[in-house]
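No lab work stands behind these numbers, since they all come straight from the coordinates. All values reported here derive from a predicted model rather than from experimental measurement. Cβ atoms come from the backbone with ideal geometry, glycine included; neighbour counts cover every protein chain shown.
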Amino acid sequence: MDLKHLLFLLLFAPTIVFGQHTIKGTFMPAGEFEMALLYKVTPTHSNYVTNSPIATDGSFTIKLDSTVTKGIYRITYAVPQEEYNFDVIYNGEEDIELKFNSETGVEFLASRENKLLESYTNSMLMITNSIGNYFRDNSKTKDTLALEAIFKTQRETQKGFEEASKGTIASNFIKANSPYIPEGIVDVETYVKGLETHYFDHVDFNNETLQRSKFLTERMLNYVFGMSSKPGNEEADYKRNIKVFDNAMIHAPDTVKKTLYTDLWEQMVDLKIDAVANFIAENYLMDLSVKLNDQQLLEALILYKNTAIGAQAPDFAMDITKAKKTTKTLLSKLDSAEHYVIAFWSSSCSHCLKEIPELHKLITPFEKEKVKVIAIGLEDNPYGWKTLTYDFPNFIHVYGEGKWDNPIGNNYGVTATPTYFVLDKDKKIVLKPEDFETLKAFLETAVTPTEAEKE
């Protein structure tokens, strides 16, 4: 090889390896975000690719080298990353430019594929709004020609975008989003029923492009939470919708089923809908976690079920002192109160050192048979904790040796202090208050003070 050719290769090799395409844009409000991280999404997880700092004016640029292949990518911009992110399509052939607003979301300025999907979504949303407006405003006039025209526009729009997107990654989403369009004029009840019946008609749960995006999760959540009837009947509706959804993805891979049901279970947990979360676990997720040997997920499902509202509180031993005599007993054997508060705390926790004295002050005026606090100190050593316990003589104190590795705390899923559980007289969990104010409000409502305090 002569020197001329060698210099040519040295000059242009970096461009071949490093100078492919870019994702650039602007985050608004400027100065609110610091870093954009890029992940490539697979059917079961996301793989980190690279990152870019976000400048004070909100701008960022992510360089994509030749190792970045086409597919679905996720940009995260804050924590928790599971909440603060959005997806982009990268076809390996074009630069992507966008702007992101924390209030309105992402808008694509350059990238045929992303702009095509964005245009499709906006167009179909406008048509959906027109259908809603028709049924709301024309219930009496029965202008059927207008409804027929809207359905025709919807059908032509879907067909047009499917034609325009042939051969693109975006095509997978456009086809999967194909809506229910009646062949003739229908009333609102028939239309809504049709939407529900045909919601998953065009969704292929074996499509790896859909698996690599948020599409399947969003489709599932929209159906489960959106297809509800009367207020007050939500739990029954959710369970019914979950059964329909399960039937729709009957031929999906078990890994996909597990991912989707885990997402749904976590949503129910976050919303504190214990009955539905446990319905998902018992009917679907536990079997899948066993089948796929996901021991960590199985343990999480069992732990949540065991500490759900209405569950029998996990049992543990404690020392009871009466008349200077100490005896051992179990939580399940206590019969001295109508309500029990289990308070997990620590002598090294600043919030605990504020709330535990307040809890002691709160329960002191109550009749002793009304409420009893079992304070479990999660500690690395007993010395500081033991000294503090003398300030709270109305509590039953339990030493939680090992702190975060304590069996009692582990059985209750405790990951932070203070954490509270309220039990009834039968030791069933009736409340898992998020904070002290919630606990206080419950006790002030459910527990009667002594006659002296009322006076």
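When the P(r) of the chain is calculated, the portion above 43 Å amounts to 36% of the C-alpha pairs. The percentage of C-alpha pairs in segment 317-454 whose separation is greater than 20 Å is 43%. Calculate how steeply helix 215-226 sits against the longest principal axis of the alpha-carbon atoms of the chain, using the helix alpha-carbon long axis, and give the answer as 0 to 90 degrees to the nearest 10. Tilt relative to the chain: about 60 degrees.
Were the residues from K159 through D287 laid out at 0.36 nm apart, the gain over their Cα-Cα distance would be 42.0 nm. Taking label points 7 Å from Cα along the Cα-to-Cβ direction, E401 and A78 give a separation of 4.5 nm. Annotation for H198 and I250: the two label points, set 7 Å from Cα along the Cα-Cβ direction, are 2.1 nm apart. In degrees from 0 to 90, rounded to the nearest 10, what is the angle of the helix 112-137 Cα long axis to the longest principal axis of the chain? Roughly 70 degrees between the two axes.
Placing pseudo-labels 7 Å out from each Cα toward the beta carbon at T56 and K272 gives an inter-label distance of 4.3 nm. In the chain, taking the dipole from charged Cβ atoms about the Cα centre, the farthest positive-side position among T26, A146, N293 is held by N293. Of all DSSP-defined beta bridges confined to segment 317-454, some 50% are antiparallel rather than parallel.
Against the main long axis of the alpha-carbon atoms of the chain, helix 436-446 sits at an angle near 60°. Restriction of the trypsin sites (Lys or Arg not before Pro) in segment 79-187 to DSSP coil positions whose beta-carbon has at most 15 other beta-carbons within 10 angstrom yields K140, K142, K166.
The calculated P(r) of segment 114-306, using every Cα pair and 5 Å bins from 0, goes 1, 7, 14, 16, 16, 15, 12, 9, 6, 3, 1, 0 in percent.
Dipole size of the chain about its Cα centre, with +1 on Lys/Arg Cβ and -1 on Asp/Glu Cβ: approximately 600 debye, rounded to the nearest 20.
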